[in-house]
Amino acid sequence: METKVLERLGLTSAEIDIYTTLLKTGPITATIISKKTKLNRSHIYDTLTKLTDKGLISVFEKNNTKFFDASPPEKIKDYMDDIRVEVQKILPTLRKLKEIPKPVTKVQLFQGKQGLKTILKDMLREKKDYVVFGEEGQFQSIFPIYIQQFLRDIKHYKIKERLLTKEETKSKILRTKDTQIRFLENKFFSPTTTVVYGDKVAIFIWSEPYNVALIDDKEVARSYLSYFESLWKIAKP
């Protein structure tokens, strides 16, 4: 029980062994401490120094020999009080850290053809290069006219796109001269299409009435992009 409490105060097992040993024996030398605790002597001196700094043991010399003695158990309360004072000092700084605004992951759901178009317009506003997992010609099928305008706009803004898709869908996909496409086996794809642009990830669900989940989070976008890059390396040009 005593050991558990002392551990909760931050004392190591070696510190506890030495302190409780000294409580039982009274003043003894480092050699005797080593024999009684079975701790390595070189390790003992380091531990004795830490206990001295904490005020839990005292040291004195007798006949040119150092003796170590446990401070009264009441000193443990003094040690706790010292820690409490130190904690009080750092609380204002810790509170300020807590108050620092943290980025919040924003998730939105868009529905229907208008929802799909909202994401495409957002991609143009971002003016960032983007990558696509699993494009199979769905955009062209749903927006045969608008998708051509979209491609003209990304060419105008010098936005580059990279697509990962299945080889059998190659002929279905419209592209610009800057579009790069690579191909993977079917097992790598799901029924959705994922687009990563800027700090956003858009997941298109193609079953009607069509839905898009938009995740606005820098770390999430980095994770998806890292996965895309891993697949890009193994995909066939």
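The values are calculated or read from the model by the stated rules, or taken from the named source; none is laboratory data. This is a predicted model, so every value here is computed, not measured. For neighbour counting, all protein chains shown are included, and Cβ atoms are generated from backbone atoms with ideal geometry for every residue, glycine included.
Residue 58 passes all but one of (1) among the small types (Gly, Ala, Ser); (2) touching a helix residue (DSSP H, G or I) at 6+ places or on another chain (Cβ under 7 Å); (3) without any contact (Cβ under 8 Å) to a residue 40 or more places away in the chain; which number fails?
Residue 58 satisfies all of (1) among the small types (Gly, Ala, Ser); (2) touching a helix residue (DSSP H, G or I) at 6+ places or on another chain (Cβ under 7 Å); (3) without any contact (Cβ under 8 Å) to a residue 40 or more places away in the chain except (2).
Are there any pairs with C-beta distances below 7 angstrom linking a residue in segment 3-18 that is more than 14 Å from residue 73 (Cβ to Cβ) to a residue that is charged (D, E, K, R), with the two at least 6 apart or on different chains, and if so which?
Pairs that qualify, where the first residue is more than 14 Å from residue 73 (Cβ to Cβ) and the partner is charged (D, E, K, R), are 15/50.
Test residue 32 against the stated conditions and say whether it is modelled with pLDDT of 90 or more and either outside the structural domain of residue 170 (by TED's automatic domain parsing) or surrounded by 10 or more Cβ atoms within 10 Å (Cβ to Cβ) (or both).
The answer is yes for residue 32.
Restricting attention to segment 40-62, report how many residues are closer than 21 Å to residue 76 by Cβ and either surrounded by 14 or more Cβ atoms within 10 Å (Cβ to Cβ) or among the charged types (D, E, K, R) (or both).
13
Please find, within segment 181-219, the residue that is farthest from residue 141 (Cα to Cα) out of those that are in contact (Cβ under 8 Å) with a residue 60 or more places away in the chain and among the acidic types (Asp, Glu).
Narrowing segment 181-219 to residues in contact (Cβ under 8 Å) with a residue 60 or more places away in the chain: 193-198, 200, 202, 204, 206, 209-218.
So of that shortlist, the ones also among the acidic types (Asp, Glu) come out as 216-217.
Numbers: 216: 27, 217: 30 Å.
Per the stated criteria, the residue is 217.
With the checklist (1) touching a residue at least 40 places away in the same chain (Cβ under 8 Å); (2) surrounded by 13 or more Cβ atoms within 10 Å (Cβ to Cβ) in hand, flag the one item residue 178 doesn't pass.
Looking at each condition in turn, residue 178 falls short on (1).
So which residues in segment 82-113 are over 19 Å from residue 214 (Cα atoms) and among the charged types (D, E, K, R), if there are any at all?
Within segment 82-113, 82, 84, 86, 89, 95, 96, 98, 99, 102 qualify.
Checking the condition surrounded by 11 or more Cβ atoms within 10 Å (Cβ to Cβ), touching a residue at least 24 places away in the same chain (Cβ under 8 Å), out of contact with any strand residue (DSSP E or B) (no Cβ under 8 Å at 6 or more places or on another chain) and not assigned by TED's automatic domain parsing to the domain that holds residue 19, which residue from 148, 111 passes?
After ruling out the rest, the residue left standing is 148.
Can you tell me which residues in segment 1-19 are out of contact with any strand residue (DSSP E or B) (no Cβ under 8 Å at 6 or more places or on another chain) and crowded, with 17+ Cβ neighbours inside 10 Å?
6, 11, 14, 15, 16, 17
Please find, among 77, 102, 117, 127, the residue that is within 30 Å of residue 194 (Cβ to Cβ), loosely packed, with under 12 Cβ neighbours inside 10 Å and either among the basic types (Lys, Arg) or more than 31 Å from the chain's Cα centre (by Cα) (or both).
So the residue among 77, 102, 117, 127 that is within 30 Å of residue 194 (Cβ to Cβ), loosely packed, with under 12 Cβ neighbours inside 10 Å and either among the basic types (Lys, Arg) or more than 31 Å from the chain's Cα centre (by Cα) (or both) is 102.
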